Every structure is written in C-alpha cells, then in structure tokens.
Amino acid sequence: MMFNLTRRRLGVGIATVSLAAGAVMGTGATLSANGADPVAFSVTGLVLGVGNDETSRTVAWYSATDPSAGESVELATKQDFSDKTVVPATVDANTTTDAKTGVALTNYNGKVKLSGLKANTTYYYRVAEKGSSTNVSSVSSFKTGTFGNGDFQFLFFGDPQIGSSGDPETDGEGWEWTMDQTEKQSPKAELYVSGGDQVNTANNETEWDNFLQPDQLRSVPWAATIGNHDVSGYAYEQHFALPETVDRSDAMYTNAASKSQLSGGDYWYKWKGVLFIDLNSNAYSAGNGSDPAHVAFVTQTIQAQKDAGIKHVVLVYHHSIYSPADHANDTDNQQRRGDFTKAFSDLGVDLVLQGHDHSYSRTYALKGTALGSAPVKADANEQPGQQTVVEKEGGVVYVTANTASGSKYYDLTEPDASKGGYGPDTKIGGPQSVQTGNHAQAHVRHWANSVENQEHVQTYVEVTVNDKGLQVKNIRANDATSGPNPAVDRGNVTGVGPELSDWAAPIGSVQDQFDVFRNGTDISPIFPPMDVVTKTETQTVTETIVKDHTVVKEVVPAKVKAKVAAKIKVLARHIKKAHGAKKAQLKAQLAAYRAIQKQLR
C-alpha cells in the first residue's frame, strides 16, 4: 500500500550513501494504488536540499514511523522503480514542542544524502519503510543538469515568513502562488536559495506545513538559510538536511550552551563553478566572537576552494546590512557593516544576497576600506540604477530581497546620517519609489544603494550565471489582482505598484536588472540558458522566448500601457513648471517610468 505526503506536519543526523558504490540495489516494485494509507507509517513535508555540489542532493521529511523499523529513500531513473537504489536514512526523534499547540512532538525526522548522481538525468524518489516494498510514499522527481562549469540560473527568495500576516494558511497560498509563477517566468532555474525566515515562529508546525506546501520544493533543491524567526527553535534543524560542509562551532550559534534547542551553523556548497557560502547572521555578538568566526569561515572556504575551478563567489545570510526599510539602522546591522565589508572586498566576493527587511534594494559596487569603517563606492562614476556594473578590485554588490510570499512588507525609510552614517545618496536618477508618508514625493535612497523599491507585491530574484559575470533581476510575481497577496488582502498595508496606489506592473515584469562583471575586459550581454519560454496564466506578460541569443517579448494589455503613458505625460507637464530639487526629483521619476514603458513594449 502507498501512503501520501500530506500537508499536515508530524514532527539530526544524515545518512550518506553514494550511488556510485556501496548502496543496496533492489529489484524494483511497482507502486500500489489499491488502498488506504497505513495509520502507522506516514510521511509529511518532504523537501529536497542541496548537497556539497551539483552532483548530490539531500532529502528530509517528518515521519510517524517508529525508528526501530527504519526508513530509506528509494531512488530510480525508471518510473516503475525497477532499477531502484535503496539509500538507508538516518531517523531521529523530534525534540521540539509545537509553538501553536504547546504539545511536544512524538514523531521523527528522516534524512539522507544522495550522491554520485549522473548529469542530465531525471530521478524518481520516494520514502520507504525499511524492508518493505509496499509501505512507500508517493513519488517525487528531480532532474540534474550538466555538471562542472557552465551557465545556469538560480532563484533567491526573501522572507516567506509564513504566519507573519496573522494567517498561516493565507501566507502559504501567497507563497505557493509565487512558486507557481517562477515555473512560468524562470523555468530553467536549477537551484532555490533562501534568504531566511521560512516561518514566523520557529517551532510552529502549522507555519512549517504551509511553507513546505509547494510541490516545487520536492523537485528543485532548497538551500536553506537561518533567519531571526527560524533561529530560536530547533525545528529548522529537524526540517532540513544541510550539506556535510556545515560548521557547528560554538561561535556560529546565538547561545552555544543551548545548541540542542537552537538552529545554527555556517555551510558552503558549489554549483557549476559558483561557490555559495551561507552564514548564520543571527550570531554576531562580539562577546563570543561570532562575526570574526564568520569571516574566518568565509576566508578558509574561499582559500580552500579557489583552485577548484571557482569563477564566482556568492555569500548568503539573512540580515541585510544595507537595507532600505525598517531594519536599515538596527544596531546589529551597523555592527555587521563594520565587521564584514573589508573582508568581503579583500576576498573577492562578487555578490551578497540578504533578506530580513521585506523590501528590495541593491547597492552600488562597494569596496571595504578598514575594519569598522564604512566602505566606498568602487567606481565613483557608477550611476543609480546602472545596468552594467564593473566591480573592479574589491567591489561587492549587496542585494536585499523583498518577501516572496507577500506575508509582510516594510515601507522604505528616509535616510538618517545620524544612525551610523547611513545617510542619503547624493546622486540623482535611476528608478525611484515614493515616500511612505507622501506618495507625491520621491523616496530618497540611502547613500550605499543604487536602487530601493517597495511596491507591496511579491517578488523574487533571478540570477543568471556564466563565466564572465552574473545577471540579476528582481521579478514581480504578482500584479495585485491575479493572485493572493496576504499583507495587502488582510489590510496590513495599503497601496500597490510603483506609486503605492491602485495599480501594479504586470506579473513577470522586471523591477530591476543589472549585470555584474569583475572587470571591464568583456562586458557583453549575459543571456539566460537557451530555449527559455516564460508566460503567466493570464498572459499579462505573454511569451518571452530566448533562442540563439534572441529575446522576443510580446506586448502587455493596453490598459497597463495606457496608465504608464498617462503618468509620463503628467510628469513631463509638471517638469516644465518645476525648479531646483523638485525638478530633479520629477526627472528621476520620469526616467523610471520611461524605463517601465520600454520594458512593456
């Protein structure tokens, strides 16, 4: 009999078996479709994770199975599992108490690592009771791509933070909507990278249920990151199987004495020549040396891997140190700015991906100067919103992602130089957002940021990688009418779109796009992987086809184009009457709307 992967969550080590050698080969069994799920054996929340590189994956789940019976993952390249490999799982008792019900979990978490995978192969997998060919879960699948250095795309997601709107189910629907849009807009993505805060309350299993609901989390590996809402419990550790590279030294935890109750650790993995390093930024205290320990981990990892064909280095952690909204001036972020930027510049980091502030921003290429001091712009001539960025020696771009579920948005804050020197940008131009309190006025960027944006719609970040550089896009996943947008739908925030009014740009439209290069010797355009086709359910943005490096975009609905055109006319009229700073602000807004108009053609 077959049991289902249901949404209800039931409740750390990890079993490692290479598919190349040492696994148990089975004769295969055809899935049964004849009966009810057994009460004693059920699996929930299956999630695919990253291994040490693109040749491996991890799998984690919750189970009600008595560990004395044992569990395994069956892996096959044939749908009937006639060529299956049986990978024994590590199964541990869950130790947390559900934050919602107050009831201690009595179930288990299972984990395996799948290594020795073959390139360009579709794999089918299911969880099985050890020694049984009938007590198996429903089947999931994933596909490997090419191995070694090569072009690819990955997606970065800011805080889903399921439960933060006040309704976990609604947040889960918003999260699932975004994931569905990524399949249409970014179908070539091989990897999902987390910005942290998967849930709002660390050990709330209802929130974890809803976070783990999207089917995409069983077919594309999720590289988990610990957010401040994940760190205070152990459920994160129970739900995810991390790569073997994880460092669980005391300094990587907010409280080393409570490791068994908290989540923590730094880890790294490689993907087609990109070195990803994930840090637990919740641990930052000078008292236990956390930030120096993070820097040492990054340094040692880069030095150890620099001769292993690494073409780019991407750092990932939760707390955005150059964010534009509620957390812009938090004292812990001020400390991280001083602790991190010099080291990251010296080590040749290309891109830093962050979450936490539920808004979008990207910095100029910043070069660290000294420990504890503010960085400088690596290229003094870089302009706001510039789409081709040459980082030069020591330049690093820091990106903050908005919420991918729509559960909570933070409005942009105006710069305040008295807060750690994080004052206004003196450069005029680039895409502009409006002020929270006065939508008639353009928001003023913080000095470090080339772009700051809040439109109260879900977005995600798409990154295209090739040997020369990285292309980064902030893509809209909702248009305020087509899909669930929890914080707006529940009235927690008001206004949508570039003006925070009553209209939003189309799903699939790009709010910000830039190419990052280390030097200016080859800055030719970066193209997505070949033969990409993207579209939406309603054809708001119709087909985008990339073939032979030719991009074709069909038009969007006339009503959207008309609104943008009308706004351009109004701004042009006002510019004729304006003077001084006001005129400069209006010109900046006009340039931003003309960029949107160009995108919609």
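Remarks
- For the range 326-343, the set of residues classified as at pLDDT 95 or above, buried (at least 23 other Cβ atoms within 10 Å of the Cβ) and of a type in the set (A, V, I, L, M, F, W, C) consists of F340 only.
- Within the range 254-277, being over 23 Å from T144 (Cβ atoms) and either assigned to a strand (DSSP E or B) or open to solvent by 10 Å² or more (accessible area, probe 1.4 Å) (or both) holds for T254, N255, A256, A257, S258, K259, S260, Q261, L262, D266.
- Residue check: N135 meets all listed conditions (1) closer than 28 Å to E244 by Cα; (2) crowded, with 21+ Cβ neighbours inside 10 Å; (3) out of contact with any Gly (no Cβ under 6 Å at 6 or more places or on another chain) but one, namely (1).
- Among residues of the range 204-214 being open to solvent by 10 Å² or more (accessible area, probe 1.4 Å) and outside any helix (DSSP H, G or I), the one that is farthest from K184 (Cα to Cα) is N204.
- In the range 381-421, the residues that are over 24 Å from I596 (Cβ atoms), surrounded by fewer than 19 Cβ atoms within 10 Å (Cβ to Cβ) and either touching a Phe, Trp or Tyr at 6+ places or on another chain (Cβ under 9 Å) or among the aliphatic types (A, V, I, L, M) (or both): D416, A417, G421
- Number of residues in the range 403-451 that are over 18 Å from the mean Cα position of the chain (by Cα) and not in a loop (DSSP other than H, G, I, E, B) equals 9.
- Screening the range 295-336 for residues that are of a type in the set (D, E) and part of a loop (DSSP other than H, G, I, E, B) and picking the one that is nearest to the chain's Cα centre (by Cα) gives D326.
- Here the condition is being surrounded by 18 or more Cβ atoms within 10 Å (Cβ to Cβ) and of a type in the set (D, E); of D346, D357, it holds for D357 alone.
- The set of residues from the range 215-234 being more than 22 Å from T245 (Cα to Cα) and surrounded by 23 or more Cβ atoms within 10 Å (Cβ to Cβ) comprises just one member, H229.
- Members of the range 512-527 that are surrounded by 16 or more Cβ atoms within 10 Å (Cβ to Cβ) and either on the phi > 0 side of the Ramachandran plot or not in a strand (DSSP E or B) (or both): R518, I526, F527
- Only a single item in (1) of a type in the set (D, E); (2) assigned to a helix (DSSP H, G or I); (3) touching a strand residue (DSSP E or B) at 6+ places or on another chain (Cβ under 9 Å) is not met by D339, and it is number (3).
- Among the residues of the range 40-69, those identified as open to solvent by less than 10 Å² (accessible area, probe 1.4 Å), outside any strand (DSSP E or B) and over 21 Å from D209 (Cβ atoms) are G51, S56.
- Checked across the range 165-184, the condition of being modelled with pLDDT under 95, outside any loop (DSSP other than H, G, I, E, B), open to solvent by less than 50 Å² (accessible area, probe 1.4 Å) and farther than 20 Å from T65 by Cα holds for at least one residue.
- Restricting V91, V112, V87 to residues that are open to solvent by less than 40 Å² (accessible area, probe 1.4 Å), over 30 Å from K408 (Cβ atoms), under 26 Å from the mean Cα position of the chain (by Cα) and aliphatic (A, V, I, L, M) narrows the list to V112.
- With respect to (1) open to solvent by less than 10 Å² (accessible area, probe 1.4 Å); (2) assigned to a loop (DSSP other than H, G, I, E, B), the lone exception for D291 is condition (2).
- The range 172-207, residues that are of a type in the set (F, W, Y) and touching a strand residue (DSSP E or B) at 6+ places or on another chain (Cβ under 6 Å): Y192
- Test: residue in the range 124-131 that is within 24 Å of L242 (Cβ to Cβ), among the hydroxyl-bearing types (S, T, Y) and surrounded by 23 or more Cβ atoms within 10 Å (Cβ to Cβ): yes
- Residue match in the range 363-377 (condition: closer than 12 Å to V451 by Cβ, outside any strand (DSSP E or B) and of a type in the set (S, T, N, Q)): no
- Annotation: of all residues in the range 477-511 being assigned to a strand (DSSP E or B) and either more than 22 Å from L191 (Cα to Cα) or open to solvent by less than 10 Å² (accessible area, probe 1.4 Å) (or both), the one that is modelled with the lowest pLDDT is D502.
The values are calculated or read from the model by the stated rules, or taken from the named source; none is laboratory data. Only a predicted model underlies this, so the values are computations on that prediction, with no experimental measurement involved. Positions of Cβ are backbone-derived with ideal geometry, glycine not excepted, and every protein chain shown enters the neighbour counts. Only protein heavy atoms, including side chains, enter the accessible area calculation; ligands, DNA and RNA are left aside. Shrake-Rupley method; radii C 1.70, N 1.55, O 1.52, S 1.80 Å.
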